[in-house]
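Here is the structure we will look at.
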Amino acid sequence: MSTHTHDHDHDHDHTTFQPDIKDPSQEWEFLEIALRELLIEKQILSAREIADEMEAWERKSPEAGARVVARAWCDDGFRQRLLADANSAVAELGVEIESVELIAVENTADLHHMVVCTLCSCYPRGLLGVPPLWYKSFEYRSRAVREPRAVLAEFGTELADSVEVRVLDSTADCRHLVIPARPAGTEGLSEDALAALVGRDSLIGTALARAPHGEA
Ligand code: FE
């Protein structure tokens, strides 16, 4: 976009920078385009800066969340700091989560947490990257609360009846990170090897951490 100072004559080419929205039809889509164009027009951000920032967010991945979990499994002091103040604890590993509260919860042999955003798609992107499509689906958002065990089973996660299932609802102000239970037989593994067992879904709570070496 050029840096014009004349009145807004709307000569933008809407097709050049609309990575997600082809035909805006909803209010938020119009708002997004309007805000983006204003930021560019007022020279607060350039189109390139916006695109770079979007790229940076798309590069984030659940590996950051897996590193956090592996550290918590190996270092009890870190685990306790994570449970007490997750924003500060993840900052120790270089992950900055600002403006929303991050809450870490632990899955154990008796208690299983699973995260949903029933309203929309709130998700700890700084730790887990871009949310999967199913997380944003109406079906997951409604069924996770109504029938969490059935949803878990569809993810291949079968829990004993004795395990309590708690569904945590994310909000605009608060995001959750699930610390999956550490699998048996991982006592001698390095932190990196442990992190490789922590998949994205286990950080949302729809799966367990993987067993080492393909064990069941
Ligand atoms: Fe949301």
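The values are calculated or read from the model by the stated rules, or taken from the named source; none is laboratory data. Computed from a predicted model, the values in this text were never measured in an experiment. Because the Cβ atoms are built from the backbone with ideal geometry, glycine has one as well, and the counts that use them run over all protein chains shown. Keep in mind that these areas ignore ligands, DNA and RNA; they rest on the heavy atoms of the full protein, side chains included. Shrake-Rupley method; radii C 1.70, N 1.55, O 1.52, S 1.80 Å.
So V69 passes all but one of these: (1) free of Cβ contacts under 8 Å to residues at least 12 places away in the same chain; (2) surrounded by 15 or more Cβ atoms within 10 Å (Cβ to Cβ); (3) assigned to a helix (DSSP H, G or I). Which condition number does it fail?
It fails just one condition, (1).
Any idea which residue in segment 170-184 is nearest to the chain's Cα centre (by Cα), counting only those that are open to solvent by 50 Å² or more (accessible area, probe 1.4 Å) and away from the ligand (no atom under 12 Å from the Cβ)?
At the first step, the residues of segment 170-184 found to be open to solvent by 50 Å² or more (accessible area, probe 1.4 Å) are 171-173, 182, 184.
The next check asks that each one be away from the ligand (no atom under 12 Å from the Cβ); those that pass are 182, 184.
Values: R182: 20, A184: 26 Å.
Restricting to residues being open to solvent by 50 Å² or more (accessible area, probe 1.4 Å) and away from the ligand (no atom under 12 Å from the Cβ), the top hit is R182.
When the residues of segment 30-66 are narrowed to those that are small (G, A, S) and in a helix (DSSP H, G or I), which ends up farthest from V95 (Cα to Cα)?
Of segment 30-66, the ones small (G, A, S) are 34, 46-47, 51, 56, 61, 64-66.
Next, from what is left, pick out any that are in a helix (DSSP H, G or I): 34, 47, 51, 56, 64-66.
Details: A34: 31, A47: 26, A51: 21, A56: 13, A64: 8, G65: 9, A66: 12 Å.
Among those residues, the one meeting the criterion is A34.
Residues in segment 104-127 that are in a loop (DSSP other than H, G, I, E, B) and within 16 Å of the ligand (Cβ to nearest atom): how many?
Looking only at segment 104-127, we keep the residues that are in a loop (DSSP other than H, G, I, E, B), and these are 107-110, 117-124.
The next check asks that each one be within 16 Å of the ligand (Cβ to nearest atom); those that pass are 117-124.
Summing the residues that are in a loop (DSSP other than H, G, I, E, B) and within 16 Å of the ligand (Cβ to nearest atom) in segment 104-127 gives 8.
May I ask you to verify whether E191 is open to solvent by less than 70 Å² (accessible area, probe 1.4 Å) and either on the phi > 0 side of the Ramachandran plot or acidic (D, E) (or both)?
Working: open to solvent by less than 70 Å² (accessible area, probe 1.4 Å): yes; either on the phi > 0 side of the Ramachandran plot or acidic (D, E) (or both): yes.
Criteria met by E191.
Does V130 count as among the β-branched types (V, I, T), part of a helix (DSSP H, G or I) and open to solvent by 60 Å² or more (accessible area, probe 1.4 Å)?
Numbers: among the β-branched types (V, I, T): yes; part of a helix (DSSP H, G or I): no; open to solvent by 60 Å² or more (accessible area, probe 1.4 Å): yes.
No, not satisfied.
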